[in-house]
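Written below as structure tokens is the structure these notes are about.
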Amino acid sequence: MFLVLTLLAFISLLPNLHRYPFKNEESLRTQIAFEMWHTGNYLQPTFLGEQYFNKPPLFNWFIVLYSKLIPWSEMTARAVSLSFLLLTTLLVGIFSYYLFKNSSIAMLSSLIFLTFGNVLFFYGFLAEIDMTFTFFVFLGIALLYLWWNTSSRTIGLFAGVVFGMSFLLKGLPAYTFMGVSILTLATYGKSPVRIFKPNTFLVYIPSLLIPLLWIAQTPEPIQYLVNLWRESFSRVGGEFSRLRHMFLFPLVNFKDTLPWSFLFLSALYVSRKDLDFPPQLKAILLLFLANYIPYWVSDSAGRYIMPLYPLLAVLFSYYIHKALNVEAFRRLLLIIIVIVILLKFLHGLFFFPYTESRETSRKRIAEEMVKLINTKSSVACECPQEKSVCLYIGLLKGEPLRSLRKTKDAEYVVACGESKGFSVAEFKLKGKTIRLERLVK
């Protein structure tokens with residue numbers, strides 16, 4: 001049953017996914033990858049032709065790689081997230097089976113992870129870094145767990161490589177997950193001295209060496225490191241902001257992990273007379289809590305704990321599986337998950353086409369603009385806040401748009417601030433206007 005539901009849940013992500021216009025930071029990630037592909041410069045990311053320092057380039061490399069198989073479109077970038085969603089779902093099941101030696105719990109773990117609300121309805125398919133980062137961080141934590149239990153040098157080395165690649169996705173947060181996890185395992189295993197032993201350096205060295213090999217090849221490595229540092233610590237707010245966040249953050253996490261957060265609490269109640277706490281779950285719980293704390297005490301968005309969702313899925317699965325002995329709970333779980341999967345099918349079948357056809361659709365606006373110009377005309381973008389429009393125009397033209405400063409021969413410009421020329425077309429968005437203008441030579 002769990003395997004069938006997992007397959008249905010993954011299939012529910014696919015209907016009309018190509019018709020859903022770029023959302024949030026999807027267009028930024030895709031624009032950077034599109035510029036890499038067009039210029040052949042894969043070491044220093046650029047956005048609208050200007051150097052971009054806020055994120056390392058690995059996710060963009062994956063998008064370029066997928067463009068060899070899928071022509072440039074929404075699906076080029078989203079296929080990356082879908083691939084790593086599938087890999088993470090499989091990895092959760094494998095790790096769960098390693099812990100419990102129970103195939104039913106393992107399949108339930110995979111189902112739980114895949115159908116967390118924030119995964120199934122948002123970041124499981126969006127072309128954002130989060131799902132890919134989740135795979136690498138969870139793989140790294142799982143390898144650290146195995147390495148700590150086996151003392152295998154090969155596994156430790158592999159864990160270091162994985163965290164080095166994690167850095168190439170999101171920067172310094174990768175080291176937070178790695179460092180906190182090693183300290184947690186050392187505390188749990190009552191062997192803190194081990195973190196200073198030579199074998200442990202097999203983890204540290206590749207995790208540092210891989211990013212250094214890349215960043216040394218960039219034109220301004222110091223500037224890059226400064227920006228990555230700023231990106232990691234810019235969300236630490238004041239005392240009042242932090243207290244408010246600490247109160248609301250768990251509630252946001254509870255909402256993001258529905259329906260399983262509700263089913264988990266229900267399972268604890270149903271099995272309250274028969275609860276146990278096996279040793280392997282103690283380690284998983286400690287790994288989750290220790291890695292959760294840095295995000296709980298800072299002004300982080302709820303999705304930033306997504307790399308911990310797999311640990312949560314493993315933890316939930318043990319107690320939910322225990323409660324399945326109660327017929328009423330088993331029926332409730334099945335009804336809820338079938339409804340959730342059905343809603344996701346409806347989400348793709350009806351909401352995605354509706355979003356594409358709206359007058360405020362950035363994709364539709366870009367298509368209207370392209371109709372008004374010769375596709376061979378040079379177009380600049382002076383509206384980075386509406387980067388989706390500029391990206392769509394670039395995809396339709398077959399080359400990325402760049403800023404006016406980087407496009408000396410521009411005939412047209414996409415503008416949303418100060419006027420740059422004669423207005424050719426104007427489109428109203430919520431509280432703002434975006435224009436296509438012809439430049440005067």
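For this structure, a couple of remarks:
- With the simple spin-label model, which puts each label point 7 Å out from Cα in the Cβ direction, the Lys430 to Ile70 separation comes to 2.6 nm.
- At R0 = 30 Å, FRET efficiency that the Cβ-Cβ distance of Leu281 and Leu17 yields, to 0.05: 0.25
- For Gln51, residues with placed amide H under 5 Å, excluding near neighbours: none
- Loop-located trypsin sites (Lys or Arg not before Pro) in the range 28-88 whose Cβ has at most 11 other Cβ within 10 Å (DSSP): Lys68
- Protection proxy ranking for 320-327, 133-140, using the average of other Cβ atoms within 10 Å per residue and placing the highest first: 133-140, 320-327.
- Over the residues of the chain, the helix contribution to mean residue ellipticity at 222 nm works out to -20000 deg cm²/dmol, using -39500 (n - 2.57) for each DSSP H run of at least 4.
- Cα-based reach from Lys255 at 19 Å (exclusive), listing aspartates and glutamates while leaving out same-chain residues under 8 positions away: Asp130, Asp299
- Surface per residue (accessible, 1.4 Å probe) for the chain, Å²: 45 Å²
- Within-14-Å neighbourhood charge of Trp72 [Cβ basis; K, R +1; D, E -1]: +1
- Counting only protein heavy atoms and a probe of 1.4 Å, the accessible surface of the range 64-186 is 73% carbon and sulfur.
- Rounded to whole numbers, the Karplus 3J(HN,Hα) couplings from phi for the range 149-157 are 7, 10, 6, 6, 5, 4, 5, x, 4 Hz, using 6.51 cos²θ - 1.76 cosθ + 1.60 with θ = phi - 60°, and x at Gly and Pro.
- Full-stretch length increase - Glu367, Asp299 - with 0.36 nm per residue and alpha-carbon distance subtracted: 20.7 nm
- Placed amide H near Leu429: partners under 5 Å, 5+ positions off or other chain: Ile434
- Separation of the range 407-441 from the range 123-143 is 38 Å, based on Cα centroids.
- Restriction of the trypsin sites (Lys or Arg not before Pro) in the range 196-273 to DSSP coil positions whose beta-carbon has at most 14 other beta-carbons within 10 angstrom yields Arg235.
- DSSP beta bridges in the chain [antiparallel fraction, %, rounded to 5]: 70 percent
- Accessible surface for Leu209 stands near 90 Å², nearest 10, in the context of the full protein assembly shown (1.4 Å probe).
- Largest first, the residues Asp276, Asp256, Asp409 sort by 1.4 Å accessible area into Asp409, Asp276, Asp256.
- With DNA, RNA and ligands ignored, accessible area of Lys397 (1.4 Å probe; Å², nearest 10): 30 Å²
The values are calculated or read from the model by the stated rules, or taken from the named source; none is laboratory data. As the structure is a prediction and not an experimental result, all values here were calculated from the model. Every residue, glycine among them, receives a Cβ derived from its backbone with ideal geometry; neighbour counts consider all protein chains shown. Note: accessible area is taken over every heavy atom of the protein model, side chains too, but ligands, DNA and RNA are not part of it. Shrake-Rupley method; radii C 1.70, N 1.55, O 1.52, S 1.80 Å.
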